[in-house]
Amino acid sequence: MKLLVDLLVIWAAWWFIRRALRPQRPFRTPPPRPTPLRRRIRTAGDMVACAHCGLYVPRSETVPGAHDALFCCPEHRDAAHHG
């Protein structure tokens with residue numbers, strides 16, 4: 001039991017000495033916090049549903065069709081016109 005206590009004391013002394021001799025790290029500022037989700041959604045633009053499949057896509061990425069309909073891809077625009 002005495003050996004275990006001696007080893008514990010030696011380890012603690014080694015740890016404290018090592019920590020004291022370690023060069024001090026400069027204060028680090030935390031990384032900037034990410035933008036809240038709501039703010040990122042607003043900056044993505046208006047989301048509109050595809051007139052064919054209902055998928056929501058940003059208005060800037062839509063494919064215009066007849067009668068002001070908006071589509072997610074040219075294939076859905078063509079399918080709506082033919083079917």
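The values are calculated or read from the model by the stated rules, or taken from the named source; none is laboratory data. Keep in mind it's a predicted model, so treat the numbers as computed, not measured. Note: ideal-geometry Cβ built from the backbone for every residue, glycine included; neighbour counts use all protein chains shown. Accessible surface is based on the protein model in full, side chains and every heavy atom, while ligands, DNA and RNA are left aside. Shrake-Rupley method; radii C 1.70, N 1.55, O 1.52, S 1.80 Å.
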Test result for P58, of a type outside the set (D, E, K, R), open to solvent by less than 100 Å² (accessible area, probe 1.4 Å) and either in contact with a Ser or Thr (Cβ under 9 Å, 6 or more places away or on another chain) or modelled with pLDDT under 90 (or both): no
Answer yes if at least one residue in the stretch 29-48 is at pLDDT 90 or above and either of a type in the set (G, A, S) or open to solvent by less than 100 Å² (accessible area, probe 1.4 Å) (or both), and no otherwise. yes
